[in-house]
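FYI, it's all coordinate maths here, none of it is from the lab. Remember, it's a predicted structure, so these values are computed and weren't measured experimentally. A quick note on method: Cβ atoms are made from the backbone with ideal geometry, for glycine too, and the neighbour counts reach across all protein chains shown.
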Amino acid sequence: MKLKLAFISFAILITTILAGCEPLLVLDPKGPQAETTANVIWLSIFTMAVIVIVVISMLVFIVYKYRASKQKEDYEPPHIEGNPIVESIIIGIPVLIVIFLSIVSVKSTYEVENIPEGYENQEPMVIYAASSNWKWHFSYPEQDIETLNYVILPTNRPIEFRLYSYGPITSFWIPQLAGQKYAMADMVTKINMVAEVPGDYAGRNANFSGKGFAENTFTATALSPDEFDKWVEEIQSTAKPLTEEKYEELLEPGHLGQMTFTGTHLEFKPAPEGENAGHHHGDADEEIERNDQEEGLEDHSNH
Amino acid sequence: MEFFERFAIPHPSPLIYASMVAIGLTLIAIVIGITYFNKWGYLWREWLTTVDHKRIGIMYMISALLMLFRGGADAVMMRLQTAVPDNAFLDAQHYNEVFTTHGVVMIFFMAMAFVIGLMNFVVPLQIGARDVAFPRLNAISFWLYFAGAMLFNISFVIGGSPDAGWTNYFPLAGTDFSESVGVNYYMWSLQISGIGTLMTGINFIVTILKMRAPGMKLMKMPMFTWSALITNVIIVFAFPVLTIALLMGTFDRQFGTHFFASTNGGMDMLWANLFWVWGHPEVYILILPAFGIYSEIIATFSQRNLYGYKSMVGSMVIISFLSFLVWVHHFFTMGHGALVNGIFSITTMAIAVPTGIKIFNWLLTMWKGKIRFTVPMLYSLGFIPLFTIGGVTGVMLAIASADYQYHNTMFLVAHFHNVIIPGVVFAMLAGLTYWWPKMFGFMLNERIGKWGFWFLSIGFVFAFFPMYITGLDGQARRMYTYSEATGFGPLNMLSFFGAGLMAIAFALIVYNVYYSFRHSPRNVGMDPWNARSLEWATQNPVPEYNFAVTPVVNSSEAFWDSKKNGHQLFKDKITKIHMPNNSGMPIILAGFFFIFGFSFVFSIWIGVIVSALGILGTMAYRSFENDHGRYISEEEIKETEKEYGGAK
Amino acid sequence: MKELFPAKQVIGFVFSLILTAVALTVYFLDMSFEMGITILLVTAFIQAALQLVFFMHAGESEDKKAIYTNVYYGIAIALVTVFGTLLTLIWGYM
Amino acid sequence: MKIDHSQPLEYGTHQNQMNILGFWIFLGAEIMLFGTLFASYFTLENGVGNGPSGAEIFEITPVLMETIILLTSSFTIGLATHAMRINNKKATLAFLAITLVLGLSFLSVEVYEFIHYYHVGATLQTSGFTAILLTTLGTHGAHVTFGLFWGFFILLQIKKRGFTPETTNKSFIFSLYWHFLDVVWIFIFSFIYLKGMM
């Protein structure tokens, strides 16, 4: 037992040392969403640590005290069926903890799903993030810009990422800004975030999507609003427009570096939302929808 | 030639060729060995056609151990590949195949088989029955499982392994993105072994409900039997979901339907949804028998009755229901909104309560006990703290908002290994050591066993605890490589070191079997552990009829009662015993299923039709068969009992 | 048990025909979706229960507790699966 | 083998009781199997892609025929069990045969229905909706087909061996299976056809 405890404490020691060197990405938030999750994680770690410590100390105490080598030869352990008071304690305390954490969970989930507190009155900036094997395409409909494998965000402005995928399910994740969400081929999901500190943040697809999955990463850079505007202007004056042919080329499986274009692919290849969604089929716009899908099919056969 | 091209491996590598040769040589060696020692007849009569639950149980466990080494080799390869940044030991495709087969083999063909094997061996003995309710169906279950396992395992030498992860999410697993036949193998091997598992479920529910010894009321069943009952209830209601999901997946891949495609009205998340409707109960299918094993072992080696029997049973009943209410927590990040996530977050956390009750009941069982540190007990003692850590990280994952950060990361990998290894694998090893003398009549060496335990536990801590940290640092699961800049290197190296220790532990455990077989004393008597439940009231190893006389029971610890309170277990005289006949039908049926699956994988329709006719023909033959079993005579029983140095 | 006239079966059959006729009203009469679904739910589940009791003799053996538990458990889990799936994949999404 | 004569013969031995209980549990699994199909059906119901919707292809006449035929066959298999219990071998065989004939007619209508779907362009490959529709109906149909063979074997066995603990037990279990398929059909009828045509 002692040996094992020594090893466990050794392991914990190592982890704290390593954790001390450089903060872990998830616990080093740079925006309100990630901050909420980081706080929830710390809270749950502390709560759970209490349980672990209680269980382990009970175990060590009991095993130490009632080991056979210490008992008398003729000691006969008693027959104990159970005790209502003891059992209500071991049921009651976990129930209380679970209720507490349930409240935390529901509350924080609503928080991270919505526009963060303090930013509600700003109109969120919409960026479409589409994954293809094994790249990320970012479209700024407002700025009329498209980037590949990197995304620039203005700080202190709510961003609404609209996610979808060409092909396998992927998961859009910038650990320091917000938790992840799936991007799927037949619908658009949304994720809200705000970057409060300028800097470069690692982003990646977290959901296994085949051969090139490990390198399916991107960089999210947060710039101050002035610098962001400057960047937009610069792109508008230097970058080439994105053509449909070029875009089809980009969609081919493989890895590409960072690229920038003016114009977005949404104009000729809209996201699967609203009328284009494969997920919802309202009765009213069934006709339109079918036409759209037929077009979609033709697109498919072209490449 | 064109016909044979489909059997080629799409992504060959020296490693695969080497294992091909190794497999070939091993098979030849086995065949030559059996022929040389002239054991084919013995093998066929005594094992391949057996309907004896004990032998079927042992065959399950042998297959499970083989699969453990197959899956373990995969695990070591993965840890080796990720031990240092930018490693080139495996390429991306090969790594994907390795983690996919690791998951499938470990869950379906190792853990499932092992718990079912232990249930097979122990449950009828614990309830004082001669066999299971449907002995022949039991043999069919085993051979279907075996056919499925073999079908899955030939994938990497014929046609290519599945590579879409053990969760096999569509559309990645569809033909657009996974062109080789690998995923077809996945579909059919799980389908075939799943049918076997479903039948096991039905078989054991009826066995437990209808074949208990006189006096054994439901609330007087030993805890392992209770856990087996609940497990099988979950099996019966969870596996049909997998059946349908696999059927739809097969249709999508081989008949061009649009269930899980993202065009023409299909929905990719439907697969994920159905997979986890089955998948989450599956977790409890694995862990509940483990809880049962620990309950038996902790009570035995604390020399005390199990504390809070009723709450133990109650918590399992609650778990059986709750396990079907939580599946959405496997894809909180799908974007279905905070309300749905909130609901499933709460139901998920609710499971922690019955599980917590169990942990405290085990602690209270040891309270005022007389604790002996045998190998099975060491595993149980190691299980409690390690599983608690795994459990609480599960609660952390159940918080939906935080799950957005843990999902798909190494944190998750660490969590589920942290419940499955100390939960299921420790329990398997503990149960195997504990019931070993019942199976073979001698004990495993305690000293080597203890070394194995320490290597395994310490190796486990090193292998998996670092993953919690790399997960929080942004390392996604299933990445075959990472750059040095990420800083994941040192901790992954530590994981590899831990995996190495675990590999040593398993080698020690195998050596222990060999060593004990050579050196352990035989004739250990009926009750080497000073145990409490009914299975210890018969000979070691157990004669084929289990109990010469049906025992009469008056408590959940019938054997303890007979030792301490003088309760008389065997009141009747020895009379002739009715036993079922052996049958070659199960293995033949499974053979047809194997051909069916294999032909379907490669779309060889003629093979599909012929084997389907074979399956139906075998079933029709069975329908018309008139087999009333046989009797073991009184003299024969007395002879056997005397040979064992019997108590009667 | 030994009576010659199969009263149970005949009653069950007549009832199932009547219930089918009632269910058919959703096709032949004009009604709201909610109304129709309610009728279908009621008639379908009553019919299932009739089959269980009148035809399948669910309650006649000594294992009736196990049989009923099994059936109720199955129905409960199946309903959870159906509505849980709808909640997750259709209603919950946006 | 001990036979308990206080109960109907199909319950007469311990093994028979276990067979019946085991089959009930199997039916529990079947509830879940069809439950999963229904869950998938409701999910994909609106996923018609560029294929037809349910309202466009369902026809009331064949559906109604199938329903009446299957309900009647459920009645006749009940009569077969009743006849078996009053030890009337001839009537049992007759009702069993009628049941199988009705089952065959049900299948013929279903085949007709499938051909109709094929002609209006609703095949397995058309859309998510048609795939799940045909799979659900097909799974039920496959059960009926399997039942026809099974029932036929049992008919032969009763004819040859008379009422033994084995044959009565099999026949009773078969009747459970057949009633269950009827129950499933009621749900298909209500929640696939009628709901779709509403």
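Near residue B:143, within a Cβ-to-Cβ distance under 13 Å, what is the net charge of the other residues, with Lys and Arg +1 and Asp and Glu -1? Residues close to residue B:143 contribute a combined charge of +2. Estimated from helical segments only, the mean residue ellipticity of chain B at 222 nm is -21500 deg cm²/dmol, where each DSSP H run of four or more residues counts as -39500 (n - 2.57). Distance from the alpha carbon centroid of segment A:193-224 to that of segment B:188-229 works out to 49 angstrom.
Taking Cβ atoms as reference points and 12 Å as the exclusive limit, the residues near residue B:554 contribute a net charge of +1, counting Lys and Arg as +1 and Asp and Glu as -1. Averaged over the residues of B:230-236, the number of partner chain Cβ atoms lying within 10 Å of the residue Cβ comes to 3. For segment C:1-56, the relative contact order comes to 52 percent (Cα pairs under 8 Å, sequence separation of at least 6). Taking the number of Cβ atoms within 10 Å of each Cβ as an exposure proxy, the fewest-first ranking of B:163, B:74, B:86, B:252 is B:86, B:74, B:252, B:163.
Along each principal axis, taking the top coordinate minus the bottom one, the Cα set of chain D gives 63, 28, 25 Å in descending order. Assuming charge only on the beta carbon of Lys and Arg (+1) and of Asp and Glu (-1), the dipole of chain B about its Cα centre is about 2360 debye to the nearest 20.
Neighbouring Cβ atoms from other chains, within 10 Å of the Cβ of residues in B:412-422, number 0 on average. Against the main long axis of the alpha-carbon atoms of chain B, helix B:426-440 sits at an angle near 40°.
For the peptide B:131-141, the mean number of other protein chain Cβ atoms found within 10 angstrom of a residue's Cβ is 1.
With K and R counted +1 and D and E -1, the other residues having a Cβ less than 11 Å from that of residue B:589 yield a net charge of +2.
The packing ranking of peptides B:460-471, B:113-124, B:141-152, B:562-573, highest mean first, is B:113-124, B:141-152, B:460-471, B:562-573, where packing means the average number of other beta carbon atoms within 10 angstrom of each residue.
Taking amide H as placed 1.01 Å from N in the peptide plane, residue B:483 has no amide H partner under 5 Å among residues 5 or more places away or on another chain. Estimated translational diffusion coefficient (Stokes-Einstein, Kirkwood radius over Cα pairs, 25 °C, 0.890 mPa s) of chain B: 95 µm² per second. Residue ranges B:524-534, B:418-428 sort as B:418-428, B:524-534 when ordered by packing (mean number of other C-beta atoms within 10 Å per residue, highest first).
In chain C, the DSSP-assigned H stretches of four residues or longer account for a calculated mean residue ellipticity at 222 nm of -23000 deg cm²/dmol, using -39500 (n - 2.57) per stretch and the full residue count as denominator. With an a/c value of 1.5 or above and a/b not larger than b/c for the gyration tensor axes a ≥ b ≥ c computed over the alpha-carbon atoms, the protein assembly as shown is described as oblate.
Computed over chain D, relative contact order equals 33 percent, with contacts defined as Cα pairs under 8 Å that lie 6+ residues apart. Dipole of the protein assembly as shown computed with +1 at Lys/Arg Cβ and -1 at Asp/Glu Cβ about the Cα centre; of D:42, B:466, B:624, farthest Cα towards the positive end is B:624.
Helix B:337-350 axis versus longest C-alpha principal axis of chain B: approximately 20°, rounded to the nearest ten.
Calculated mean residue ellipticity at 222 nm for chain D: -27000 deg cm²/dmol, from DSSP H runs with n ≥ 4 weighted as -39500 (n - 2.57), summed, divided by the residue count and rounded to 500. Helix D:128-161 axis versus longest C-alpha principal axis of chain D: approximately 20°, rounded to the nearest ten. Scalar couplings 3J(HN,Hα) for segment B:37-46, obtained by applying the Karplus form with A = 6.51, B = -1.76, C = 1.60 to θ = phi - 60°, are 7, 6, 10, 4, x, 4, 4, 5, 5, 8 Hz; x denotes Gly and Pro. Listed from fewest to most Cβ neighbours within 10 Å, the set B:178, B:623, C:32 follows the order C:32, B:623, B:178.
Shape class of segment B:428-582 from the alpha-carbon gyration tensor: prolate, with a/c at 1.5 or above and a/b greater than b/c.
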